[in-house]
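Below is one structure; the comments refer to it alone.
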């Protein structure tokens with residue numbers, strides 16, 4: 001048995017027990033929650049701030065909202081990709097940042113009595129949102145999804161996706177199929193239009209990250225988080241880089257990760273600064 005199996009088998013067993021009573025939302029039409037308020041729109045700016053953060057069931061979303069406000073330059077544009085939150089968490093964070101948001105839960109989690117899903121918070125104009133169900137389903141019926149939105153960056157439209165792929169409880173082949181189903185959606189976008197894809201890819205091994213990169217290269221997306229170090233620590237303090245950002249038609253000026261705060265999440269946040277690729 002490989003080191004990978006020794007690590008992942010206990011995680012698989014714990015995850016299976018934890019998720020067995022989940023109530024999935026398997027309909028593309030809902031539910032959905034959003035706020036789009038034109039008074040928060042910005043007209044122009046030089047750079048775009050991008051943060052991706054899995055906040056572990058949103059249990060400390062209020063503390064994270066204050067951290068985001070201190071971290072971001074709210075006079076410049078930002079897009080935040082968040083995972084494992086509910087609609088109240090998104091509303092609280094958006095209110096703190098005077099921002100818009102779109103959120104699509106993928107399931108109800110009875111352990112915490114709240115919805116579970118991913119979404120996008122931005123002080124840019126949000127348009128044409130969608131919930132994209134990914135291929136493959138767990139034994140408990142829960143699927144995974146990506147939240148999609150177009151955001152307006154000056155005269156440029158950016159296609160954004162907040163994603164949370166399945167954990168290692170699902171086979172590698174099926175998890176790759178999940179991502180490939182999203183690639184099919186991305187390939188419908190014109191080649192000259194910019195894209196940001198960010199979130200928790202649940203890839204604890206280098207080999208899995210490579211497979212995801214190869215799948216996304218077919219849509220001409222490249223990873224901008226390759227040098228940031230681990231964003232999650234597994235049992236025995238084994239590091240993993242599971243929180244990734246990919247882009248097309250944009251240039252990364254720099255990309256860093258936050259120091260993990262275990263009181264907020266088992267993940268670190270990832271911060272990138274982007275500009276147009278012209």
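Just so you know, all these numbers are worked out from the coordinates, no wet-lab data involved. What you see is a predicted model, and the numbers here were worked out from it, not measured in a lab. In this analysis, Cβ positions are derived from the backbone assuming ideal geometry, glycine residues included, and neighbour counts consider all displayed protein chains.
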Can you give the FRET efficiency for residue 26 and residue 98, using 1/(1 + (r/R0)^6), R0 = 30 Å, r = Cβ-Cβ distance, to the nearest 0.05? 0.35
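Between residue 180 and residue 35, what's the calculated FRET efficiency when r is the beta-carbon distance and R0 is 30 Å? Round to 0.05.
So, using R0 = 30 Å, E works out to roughly 0.40.
For the chain, give the share of DSSP beta bridges that are antiparallel, in percent and rounded to the nearest 5; count only bridges with both residues there.
Antiparallel bridges make up about 80 percent of those DSSP assigns within the chain.
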Could you state the number of Å between the C-alpha centres of the range 73-103 and the range 215-270? 19
Sites residue 188 and residue 76, calculated FRET efficiency, Cβ-Cβ separation with R0 35 Å, nearest 0.05: 0.70
Place a point 7 Å from the Cα of residue 157 along the Cα-to-Cβ direction; which residues of the range 184-200 have their backbone N under 18 Å from it? 185-197
Difference of contour (0.36 nm per residue) and Cα-Cα distance, residue 130 to residue 214: 27.8 nm
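Quick one: compute the contact order of the range 115-239, relative version, from alpha carbon pairs under 8 angstrom and 6+ residues apart, as a percent.
Numbers: 166 pairs, mean separation 25.5, N = 125.
With pairs under 8 Å counted, the relative contact order is 20 percent.
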Computed [θ] at 222 nm, deg cm²/dmol, the chain (DSSP H ≥ 4; -39,500 (n - 2.57); rounded to nearest 500): -7500 deg cm²/dmol
Which of (1) 55, 37, 36; (2) 62, 47, 41; (3) 88, 39, 30 is the computed Cα extents along the principal axes in Å for the structure on display? (1)
Taking Cα atoms, the helix 206-217 axis meets the longest principal axis of the chain at an angle in degrees (rounded to 10) of 40
